[in-house]
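None of the figures in this text is laboratory data; all of them are computed from the coordinates on show. Keep in mind it's a predicted model, so treat the numbers as computed, not measured. When we count neighbours, we look across all protein chains shown, and the Cβ atoms used for this are built from the backbone with ideal geometry, even at glycine.
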Amino acid sequence: MTYLGIDISKSTFVVAYPKEKGYTIRAFKNTPAGIHSFMHTLNKDEHHCIMEATGNYGVTLLYMLDKGGYRVSLINPLKTHNFAKTELSVTKTDAEDAKLLSRYGQEKQPSVYKMPTETILILKQKRTVLRQLKKQHTMLANMQQSLDVLPVQDQLSKNAVKKVIISIEKQIRALEEDMTNITKKEYKYQLELLTSIKGINNKIASALITATGGFTYFDNAKQFSRYLGLCPTIIQSGSSVNVKGHINRNGDSYLRSQLFISAMPTMRFNKACRELYERLRANGKSGKVALIAVANKLIRQAFAVIKSGSPYIDGFVSQPPLLKPATKAIYTSSL
């Protein structure tokens, strides 16, 4: 297998083709026509494309390669950044980055990327816009409060801020309602299973389905917690370095905050989460640490109901299967 490194920018992308000695470097326009030209240079049985997840500029290329049946892997930029450090790389150009990606693919041999369905792609766009609108709403609400305390107030400015806030709130409601409707239509069964868990509403259930690609991107809850940044990080070396574990805060910060915020009211109704929280607090853990553990518990419950296909039963404790009693051998002797 030959691994091609692809470095993407807004208008072009640079491809490194490995050869016996060195690389052949070619640049293509980052347009559908340019992507088609690049695809004509590929062999489905021989080539495997390696590219970084660097935003929307590479989505069209990724989509067209996937639809064309070509092998392509999407790499977290942090991984390639650390890989470059191991090579003591001091040069950073588009061509050198493409070569680096090619070497990364050859050494690590990453798995083929699973392209989300069109429904998931649409839901992700809505979540991105929704997240930005909520940030703007918070900013404008703070501005509105700061204007209210001024001794001399300009009513026109206050009205302008108020109108924008009302408009944003309307758009937020419309997007959230549309996301829920799409999820109910395309992932009705999963939505019903998730909302059977006390502490997960339609909004969080839709976000979980979107982030996991309908629970197809991750094999278990631990992988998803690591992706969200809810897993503890341990730093220990010898006798001088011993840092207490804290969450790594990688991945989807918006969903992570949603799960954390919902952890407090969840304890009122979800027996397993309440018992976990109380046990951790009794053992001396802080309230914040205990709430993070509750958020992780919700993720485990979500994966459990999806994998089992059964609604959540509050207080249910799974029992190990009963072992069949061993049968004793009966010996007969002839007289």
How high is the FRET efficiency from Ser9 to Asn142, r the C-beta distance, R0 35 Å, rounded to 0.05?
0.45
Given H placed on each backbone N at 1.01 Å, which residues far from Asn30 in sequence or on other chains put an amide H within less than 5 Å of it?
Thr12, Phe13
Which value, in debye to the nearest 20, describes the size of the charge dipole of segment 118-186 about its Cα centre when Lys and Arg Cβ atoms bear +1, Asp and Glu Cβ atoms bear -1, and nothing else is charged?
120
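How much mean residue ellipticity at 222 nm does the chain get from its helices, if each DSSP H run of length 4 or more adds -39500 (n - 2.57) and you divide by all residues, to the nearest 500 deg cm²/dmol? It would help to have the intermediate numbers written out before the result.
Values: 12 runs with 183 residues, N = 335.
Here the helix-only value at 222 nm equals -18000 deg cm²/dmol.
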Those aspartates and glutamates that a straight Cα-Cα span of less than 18 Å connects to Lys198, excepting residues fewer than 8 apart in one chain
Glu275, Glu278, Asp314
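Add +1 for every Lys or Arg and -1 for every Asp or Glu among the other residues with Cβ under 13 Å from the Cβ of Gln144, and state the total.
Numbers: positive: Lys158, Lys162, Lys163; negative: Asp148, Asp154, Glu169.
So the surrounding residues net to 0.
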If I model segment 118-186 as equal point scatterers sitting on the Cα atoms and use the Debye formula, what is log10 I(q)/I(0) at q = 0.13, 0.14, 0.22, 0.24 Å⁻¹?
-0.47, -0.52, -0.89, -0.98
Run the paramagnetic zone check for Thr216: 7 angstrom along Cα to Cβ, then residues of segment 180-199 with backbone nitrogen under 19 Å.
182-194
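Which entries of Lys203/Lys288; Lys67/Lys126; Lys10/Lys99; Lys19/Lys67 show an alpha-carbon separation above 21 angstrom in the structure shown? Don't skip to the end; give the middle numbers.
Values: Lys203/Lys288 23 Å; Lys67/Lys126 23 Å; Lys10/Lys99 19 Å; Lys19/Lys67 27 Å.
In this structure, Lys203/Lys288; Lys67/Lys126; Lys19/Lys67 lie more than 21 Å apart at Cα.
Can you tell me what percent of all Cα-Cα pairs in the chain are more than 30 Å apart? The partial results should precede the final answer.
Details: 30814 of 55945 pairs.
Roughly 55 percent, rounded to a whole number.
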Under the √(5λ) rule applied to the eigenvalues of the Cα gyration tensor, what semi-axes describe the equivalent ellipsoid of segment 1-121? Give them in Å, descending.
21, 16, 15
So if each residue of separation counts as 0.36 nm, and I subtract the Cα-Cα distance between His36 and Arg279, what length gain in nm does that give?
81.6 nm
Put a dot 7 Å past each Cα toward the Cβ at Asn76 and Val152; how far apart are the dots in nm?
5.4
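Tally Lys/Arg at +1 and Asp/Glu at -1 over every other residue whose Cβ is under 12 Å from the Cβ of Ser11; what's the total?
Result for the local shell: +1.
How much net charge surrounds Tyr104 when only the other residues with a Cβ under 14 Å from the Cβ of Tyr104 are counted, with Lys and Arg +1 and Asp and Glu -1? Can you show the working numbers first?
Values: positive: Lys79, Lys85, Lys99, Arg103, Lys108; negative: Asp7, Glu52, Glu87, Glu96, Asp97, Glu107.
With Lys, Arg at +1 and Asp, Glu at -1, the net is -1.
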